[in-house]
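The structure under discussion appears below in the form of structure tokens.
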Amino acid sequence: MAKSQQMAYRAFTVVKREGSDDFWLPIGAAFPHQDGEGYNLVLQALPVDGRVVLRTPKDDDQPSGNDRRNRQGEGQNKPGNRRR
């Protein structure tokens, strides 16, 4: 996979929580094939229930390494707090 290839989808597993919003846990990404006929799904974790949700990435889903470290303490930017 080329470094310049753009992510087409973010992969999430959704953890249901009683009495609270669902927790959207990012677990990977999908990248389009060069011929446009499919995707490579790259996962860093597997969902317990076997369900993977693919969503188009948002600008704040792709921070640089420094941005990600700087924003970990901010509640509004934590992946689990976002509603998709």
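Every number in this text was worked out from the coordinates using simple rules, so none of it is lab data. Not measured: the values here are computed from a predicted model. Using ideal geometry, Cβ is built from the backbone for each residue, glycine included, and neighbour counts are taken over all protein chains shown.
Residues in the stretch 3-20 that are out of contact with any helix residue (DSSP H, G or I) (no Cβ under 6 Å at 6 or more places or on another chain) and closer than 18 Å to Pro47 by Cα: 8 in all.
For the stretch 16-37, the set of residues classified as surrounded by 10 or more Cβ atoms within 10 Å (Cβ to Cβ) and either among the small types (Gly, Ala, Ser) or closer than 13 Å to Val52 by Cβ (or both) consists of Trp24, Leu25, Pro26, Ile27, Gly28, Ala29, Ala30, listed by residue number.
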